[in-house]
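Worksheet for the structure shown next.
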Amino acid sequence: PDIALRVGYYPLRVLGIEVEGNIIPNKTDAGQSALMGAFRGGVVLQLPFWSITPFVSVAGGVIGVSSDRNAVGKDQDVMMHAGGGLKAYLNRYIALRLDVRDVITHKRGDEEVFNSHNLEALLGLSITLGRKKNE
């Protein structure tokens with residue numbers, strides 16, 4: 001399972017900034033524990049004029065793993081992602097959100113070039129806080 005939390009601030013209806021973090025408890029093939037995770041922040045552009053809201057996002061951050069040295073060890077890499085998705089509003093305050101992203105980072109042993117592409121698909125629940133009644 002991937003456990004994540006995202007917080008967004010939308011000063012304009014079409015533009016927002018978001019930060020997110022996640023952790024993924026995992027095990028190696030040998031059964032040793034490894035904790036994977038990421039922290040990233042980015043920009044979201046959206047068309048919030050319907051109950052189905054399309055958006056695109058671009059972000060950067062850090063992705064890493066932490067475990068005993070004899071399992072995987074510890075490593076952190078700079079990463080970025082680009083993608084898009086849809087928000088389907090169930091009511092004024094709750095929406096289902098689907099993101100599809102290309103997560104780009106370094107290949108193993110290659111520290112200067114972003115050349116590893118990984119597809120990431122996320123399904124989540126969004127809760128809007130602080131929305132005024134007349135909006």
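The values are calculated or read from the model by the stated rules, or taken from the named source; none is laboratory data. These numbers come from a predicted model, not from an experiment. Reconstructed Cβ throughout: ideal geometry from the backbone, glycine too, with neighbour counts over all protein chains shown. With ligands, DNA and RNA removed, areas are computed over all heavy atoms of the protein, side chains included. Shrake-Rupley method; radii C 1.70, N 1.55, O 1.52, S 1.80 Å.
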Among (1) under 24 Å from Ile3 (Cβ atoms); (2) at pLDDT 85 or above, which single condition is Val72 missing? (2)
Would you confirm whether or not segment 15-24 contains a residue that is in a strand (DSSP E or B) and modelled with pLDDT under 90? yes
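Working carefully through the options Leu47, Leu122, Leu129, find the one that is closer than 18 Å to Ile17 by Cβ and open to solvent by less than 80 Å² (accessible area, probe 1.4 Å).
Working: Leu47 fails: open to solvent by less than 80 Å² (accessible area, probe 1.4 Å); Leu129 fails: open to solvent by less than 80 Å² (accessible area, probe 1.4 Å).
Testing whether each residue is closer than 18 Å to Ile17 by Cβ and open to solvent by less than 80 Å² (accessible area, probe 1.4 Å) leaves just Leu122.
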Taking first residues from segment 54-70 that are over 15 Å from Asp99 (Cβ atoms) and second residues anywhere that are at pLDDT below 95 and among the polar types (S, T, N, Q), the pairs with Cβ under 6 Å that are 6 or more apart or on different chains are Val62/Gln76; Gly64/Gln76
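Yes or no, residue by residue, for (1) in a strand (DSSP E or B); (2) more than 30 Å from Leu129 (Cα to Cα); (3) among the hydrophobic types (A, V, I, L, M, F, W, C); (4) open to solvent by less than 60 Å² (accessible area, probe 1.4 Å):
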site: Tyr10; (1), (2), (3), (4): yes, no, no, no
site: Gly42; (1), (2), (3), (4): yes, no, no, yes
site: Phe55; (1), (2), (3), (4): yes, no, yes, yes
site: Val58; (1), (2), (3), (4): yes, no, yes, no
site: Met79; (1), (2), (3), (4): yes, no, yes, yes
site: Leu86; (1), (2), (3), (4): yes, no, yes, no
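Do we find that Ala95 is open to solvent by less than 50 Å² (accessible area, probe 1.4 Å), closer than 21 Å to Ile127 by Cα, of a type in the set (A, V, I, L, M) and in contact with a Phe, Trp or Tyr (Cβ under 9 Å, 6 or more places away or on another chain) in this structure?
It is true that Ala95 is open to solvent by less than 50 Å² (accessible area, probe 1.4 Å), closer than 21 Å to Ile127 by Cα, of a type in the set (A, V, I, L, M) and in contact with a Phe, Trp or Tyr (Cβ under 9 Å, 6 or more places away or on another chain).
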Do we have Asp29 as of a type in the set (Asp, Glu) and open to solvent by 30 Å² or more (accessible area, probe 1.4 Å) here? yes
